[in-house]
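The values are calculated or read from the model by the stated rules, or taken from the named source; none is laboratory data. All values reported here derive from a predicted model rather than from experimental measurement. Cβ placement follows ideal geometry from the backbone for every residue including glycine, while neighbour counts extend to all protein chains displayed.
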Amino acid sequence: MRVGILGPLQVWTPDGRPVQVGGGQPRTLLARLALDPGKPVAVDELVDALWGDSPPAGLANALQSVVSRLRRALHDSLGDDPLDAGRGWVEATHSGYKLAVSPSDVDVHRFERKTRDGKRLLTSGEAAAAHAVLSDALAMWRGPVLSDLGAVGFVAPVSARLEELRLSVVEDRVEASLQLDRAHDVIPELEALTAGYPLRERISSLLMRALARTGRQAEALAVYERIRARLADELGLDPSRELQELHLSVLRGELDRSRTDPPADAAGRPEGFEATGRRPLPTRATSFIGRTEDITALTSALETKTRLITLHGPGGAGKTRLATEAAGRLAQGRSELAEDGMWFVELAPVGEPSDVAPAVLSALGLREVVRTKPERLRPLEARLASDRLIEALGDKKAVIVLDNCEHVIGAVAELTNALLTHCADLRVIATSREALGVQGERLYPVGPLPLPDGDEAHDPARAGEYAAVRLFAERAAAVNPVFTLDRSTVGPVVEVCRRLDGMPLAIELAASRSRALSAVQIAARLNDRFRLLSNGGRAVLPRHQTLHAVVEWSWELLDKPERTLLGRLAVFSGGASLDAVEHICSGGEVPREEILDVIASLVDKSLVEASPSDASDGEVRYRLLETVKAYAADRLANAGEVDEIAKAHARYFRDLLERAEPHLRRSEQVEWLRRLTQDYDNLLAGLRWAIDRAEVELALRMAAVLGYFWLLRGGVRESGSWLREVGALRTQAPSSRRALVHLYAAASCVGAEGMPAMIRALARARITARRAAPDPSFPVRAVIEGAWSALVDGRPQARAGLDMARESTDPWVRGMGFMMGMFMAGAEGDVETRDHDLAVAMDEFGSIGDRLGTGLALRMKAAFLSQRGDHGAAVRALDDALQMAREIESVEDIPTMQAELGRMMVDLGDHAAARRTFDEAMAGAQRGGVTEALVLTHNGLGWLAYRDGDLGRAREHFRQVRAAMPIPQVEECVLITDHVYTEIAAGDLASAGMVLSDAVELLFKGVAHDHPGLPDRTSAGQVAQAYAALAGALGEYRAAAQLLGVSTFLRGIPDMGSAERAATERHARHALGDVVFDHEYACGAALTREKAFRLLREHGHLPAAPPRAGLPVLEPR
């Protein structure tokens, strides 16, 4: 057999077939014996390998047991050794045991033999043969030595020795590659090695030689500087003499074959400049992800008339990688633009502006004029270098990539302008965090990678199509092979990418943490992103090694006013207008009149993003990337300005809210909603600051406007916690603002916490409004008294409580007064007053263009039209209301209305349109987490299935309705009645009776907990109508007729829109005759309210007679 330990332990048959030997101690024993193949291993050594410091009792028997198990496993897989039948593979000796194989059967011994052969060949100058032998040796490695054995004592020293030997072989193979003039091929491997072994001088020396031989002198010198600084900082040592001498050789240009091999012409240019001037672009060990359209756009621009493109953007956006990929596309396509050469010039190591031209000259492989650089000679050298570049490139078709220009921007601009002026066929690609400002420059912004949104963010396949997510997934899998983008990881991965603004460097740094942290943990730790993302590779430039260094590089290039303003901008959440910046951030180092110039400079330097707002005026808004914001916030704290700027911020947005308030109830509400929405994060941040600092008046004034904003935008669920928190703040005197906060808190309880919580909040609003001084800007008390009368009191005599609102000078308040009157009249079955008040309310809201009030009125009108049987008009009215909700972008109302509209379409008979509308409603409800819409959509789908005759599907949807209701409410009993018709159609009248009993119980239970007096008449009329259908199905036709009369009495008019009601009446008339039916119907309609409800209670216990055929499923009329 053959044994492998260069990786997980593996056994093969002589013909190469892998053999399974099991795990545990037999596996450990085999590994230890394989280290000394064919040689006895003492018992003491085996005991130490198997049990360490804790040998078992009965040691001899325990060891023999492990040996026996190993022998049995090998015998089962391999049989006995054919050369010595019967002895087996594990042989006992007088002192221990040995593995009956030769050294050549164990990979580590073959590896060591080939290592010696390769070194000998390399020493003798046979580089090609050495390279082949050393490559064969390295190919034997399958991973870390015995990586499957875990923390077994003997493995660590063996692994360390062999890993050191492997690294030496890698270095020897690289040496062979350099002797074979393959410097280009080994640079990526060496860059990765220096990252893993930053203090290993031989690797750094090999990388320096490879870079220098390919003309990349500046990068070779940067490698030396990195290891020199690392040795000094960590070990207190200087580089070895050999490395220092190599450094001098690089400085002298002695290793650059493009500079030293060809003889120079009279101008100092190498002969064969046209043929050899193409300099390799930096290679990367990782794949390039995304930005394919950018590469196409860049190459197309260069191939037309553009001669200078500057890729500008924030640090870590991927400008360098994009530039090299675009240049690489030109090189691969053998573009005529680079016919005479293509060069990459790394300017990050250049510390002085006067060194820019010499650095470019060096990158082009042209000899330097001045070897030493005293300060007085720097300007001279720069001028001479610029002249020589112009002379060398004057008639050449060439491309130069100037990378990282921002810290020497002036010198780069001057040189680039000179080159483009005198070199007609030259193209320049520059990367910088700001523009060069050269005539003819085309700016190409490089920003974040695309991110998924909405439903895509939860789908691994769809999210994985976005470059930001794909980048994280690939880099995470590179460091943690078990990582996959699936349902469990896609959410946190998208969150990480989004919070890092889709910036490639930050995403790569985050993904590299996947070795030790899950995606969920990485996302959770992003609040301390600078500590978390401090793990860049050691081989990259220092400013890219940590996220903090990326931003600090840009910060250090700012002047004092720029730093001051950038720190203050951290107070904003989600961006800011110029007006907000001027009011909040001016003062001291940055006078208000200079804000525009300073922020424009920060935009130019890619530290602030500027983009048009969603408002109609298209005003530009300014925002910081989250990473820049985090850094700026630290600087703001260091400056001691946090509280001062935060207070100014909260006061500014309080004033903005109060300017917006009157417009939120008028036709211009859409525009003001957009203005507030784009500052929504700022509004909440200001409110949070006011709450935390107990700035009570400030918090109340903000929340009093935000409450109505939340009503408009459908943010009722979110608003509750904010409003209750503000309402709990203590003040000495009540105020109308506090009363409004309590009123909006009451509105937030509907559907989420039930009527009891709403009544308590409304009571607090009423008490506060009565004690507070009148508010001249808004009749708060009139609105609250109207709400109390309609929603809580409910008695006919309570209508007087609406007078304050109905007689207000404010059309919106009058509209609300009549809407409350409509609700009260409807609850009393007074259809004439109900319809009158609704029409007046609609006129009032319409006169001022308020979409919320008009939309609510249209929804009620649609319900009343449907009750009258005019489903077409009902659909049109509700569609108009839905359009208004869309105009104000009400995230909760839109799916809720869509569900209501789908139900009306079912009653209209347009099932295809209904199904499409329900699909839209379901998507919106799930996306926004709108429980009410989810409940109504399931109910509507159940009703659609019932009408289609699919009773099983209908039942399933109705079950989901009951399950989705967060708190049982009176309104639920109306939905339950739809379920009743399904059970009747299925012939399961017992189930129908049980469902209706639940409805009645809920109807009267709601009275006990929610309202004084008797139940809501509209809801009760719906239940009575369903009971009439059940009574008819049971053959109780007199009861059916009476209950239909009760339903009409409670509602005020019969439900002419219900096919089920019509069917119940038709069956009862047929059974009783018109005279008897009309008599029983009149008896039911003539009952008092109290007797009607008593009858409902009695019919809550209808006998479940043996079912007849049941009511048929009727086609809508």
Report summary line: Over region 141-173, the set of residues of a type in the set (Val, Ile, Thr) and either farther than 23 Å from Asp117 by Cβ or in a loop (DSSP other than H, G, I, E, B) (or both) is Val145, Val152, Val155
Query raised in the report: How do the pairs read when you match residues in region 987-1003 that are on the phi > 0 side of the Ramachandran plot with residues anywhere that are outside any helix (DSSP H, G or I) and among the hydrophobic types (A, V, I, L, M, F, W, C), using Cβ under 9 Å and keeping only pairs 6 or more apart or on different chains?
Result: Gly987/Ala1109
Query raised in the report: If we keep just the residues of region 863-878 that are in contact with an Asp or Glu (Cβ under 9 Å, 6 or more places away or on another chain) and assigned to a helix (DSSP H, G or I), which is farthest from Glu1060 (Cα to Cα)?
Result: Leu878
Requested in this report: Quick one: in region 871-887, of everything that is surrounded by fewer than 22 Cβ atoms within 10 Å (Cβ to Cβ) and either touching a residue at least 60 places away in the same chain (Cβ under 8 Å) or not assigned by TED's automatic domain parsing to the domain that holds Ala921 (or both), which residue is farthest from Val670 (Cα to Cα)?
Outcome: His871
Query raised in the report: With Arg116, Arg110, Arg72 as the choices, which residue is surrounded by fewer than 17 Cβ atoms within 10 Å (Cβ to Cβ), modelled with pLDDT of 85 or more and among the basic types (Lys, Arg)?
Result: Arg116
Requested in this report: Please work out which one of (1) under 24 Å from Ala761 (Cβ atoms); (2) surrounded by fewer than 20 Cβ atoms within 10 Å (Cβ to Cβ); (3) not polar (S, T, N, Q) is the condition Gly720 fails and give its number.
Outcome: (2)
Query - Pro756 more than 31 Å from the chain's Cα centre (by Cα), over 24 Å from Asp655 (Cα atoms), at pLDDT below 85 and not aliphatic (A, V, I, L, M) - result: yes
Query raised in the report: Would you say Arg487 is in a loop (DSSP other than H, G, I, E, B) and farther than 29 Å from Ala192 by Cβ?
Result: yes
Requested in this report: Pick out, from region 584-680, the helices (runs of 4 or more DSSP H) lying fully within it that include 3 or more residues that are touching a residue at least 40 places away in the same chain (Cβ under 8 Å) and polar (S, T, N, Q).
Outcome: 669-678
**Report entry** Residues (among the acidic types (Asp, Glu) and modelled with pLDDT of 90 or more) located in region 626-651
**Finding:** Glu641, Asp643, Glu644
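Would you mind listing the helices (runs of 4 or more DSSP H) fully within region 1-103 where at least 3 residues are on the phi > 0 side of the Ramachandran plot and either assigned by TED's automatic domain parsing to the domain that holds Gly150 or in contact with a strand residue (DSSP E or B) (Cβ under 8 Å, 6 or more places away or on another chain) (or both)?
Where helices (runs of 4 or more DSSP H) fall fully within region 1-103, none carries at least 3 residues being on the phi > 0 side of the Ramachandran plot and either assigned by TED's automatic domain parsing to the domain that holds Gly150 or in contact with a strand residue (DSSP E or B) (Cβ under 8 Å, 6 or more places away or on another chain) (or both).
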Query raised in the report: What number of residues within region 439-458 are at pLDDT 90 or above and surrounded by 19 or more Cβ atoms within 10 Å (Cβ to Cβ)?
Result: 2
Query - Flag if His1079 is free of Cβ contacts under 8 Å to residues at least 40 places away in the same chain and more than 53 Å from the chain's Cα centre (by Cα) - result: yes
**Report entry** Count of region 153-181 residues which are surrounded by fewer than 19 Cβ atoms within 10 Å (Cβ to Cβ) and farther than 22 Å from Gly196 by Cα
**Finding:** 4
Report task. Report whether or not Arg621 is assigned by TED's automatic domain parsing to the domain that holds Phe572 and crowded, with 21+ Cβ neighbours inside 10 Å. Result -> yes
Query raised in the report: Within region 840-857, is there a residue that is more than 20 Å from Ala782 (Cβ to Cβ) and acidic (Asp, Glu)?
Result: no
Query raised in the report: Counting just the residues of region 757-782 that are in contact (Cβ under 8 Å) with a residue 60 or more places away in the chain and closer than 21 Å to Glu807 by Cα, which one comes out surrounded by the most Cβ atoms within 10 Å (Cβ to Cβ)?
Result: Phe778
